[in-house]
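The structure appears right after this line, and notes come after that.
Bear in mind that the values in this text are calculations on the coordinates, not laboratory data. Everything quoted here is computed from the prediction, not taken from an experiment. Here the Cβ positions follow ideal geometry from the backbone for every residue, glycine too, while neighbour counts run over all protein chains shown.
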Amino acid sequence: MNEILFFGVIFGGILSFFSSIILIHMGRLIDRFPTENEEERERCIWSPGEFTKYAVAIYWPTYITGAAMLIPGSRILTVSGIATVFGLILFMITALVFSGATYNLMRAKNKGSRTPSVFGGLVQPGNLLRAFHLPIQGSKEYSSRSSTFTQHVKVEE
């Protein structure tokens, strides 16, 4: 049983590490996003970039504390540790989904679209690659010409 908990904590830590990096990057993107009629944005603790950094800074000591609760083997500490680690991983996933939805909504509003798609930023791989400044590989586009074979039908009335 301890091996399962150990691997779960390791897997959750790796997932949380990469999610933390993505979340901080999304916070910076949202913070730098231009908005209409804005001359200079005030940067404080509540701006998206700073708030995300502080949230991640609080996340990791809490995650380590939850993982440390699993070590002694007491039933109450083990259940508390599992609940803490699982809750923190769900918090990280929720924060990623919320940041992606916020960024997608801001981009759709900036483009002038009336109805932003719910998964628009996530489904199109070019948008995700562009967000992390990765090169986008071109895709082959097919022409919309009709085929040369046409069928003529006589209509009798």
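Computed quantities for the displayed model
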| read-out | value |
| --- | --- |
| Using θ = phi - 60° and Karplus 6.51 cos²θ - 1.76 cosθ + 1.60, couplings along the stretch 87-104 (whole Hz; Gly, Pro as x) | x, 5, 5, 5, 4, 5, 5, 5, 5, 5, 5, 5, 5, x, 5, 5, 5, 5 |
| Nitroxide proxy distance, nm - points 7 Å out along Cα→Cβ at F98 and F11 | 2.6 nm |
| Mean Cβ count within 10 Å, highest first, over the residues of peptides 2-14, 73-85 | 73-85, 2-14 |
| Ranking of M69, M26 by count of other Cβ atoms within 10 Å, fewest first | M69, M26 |
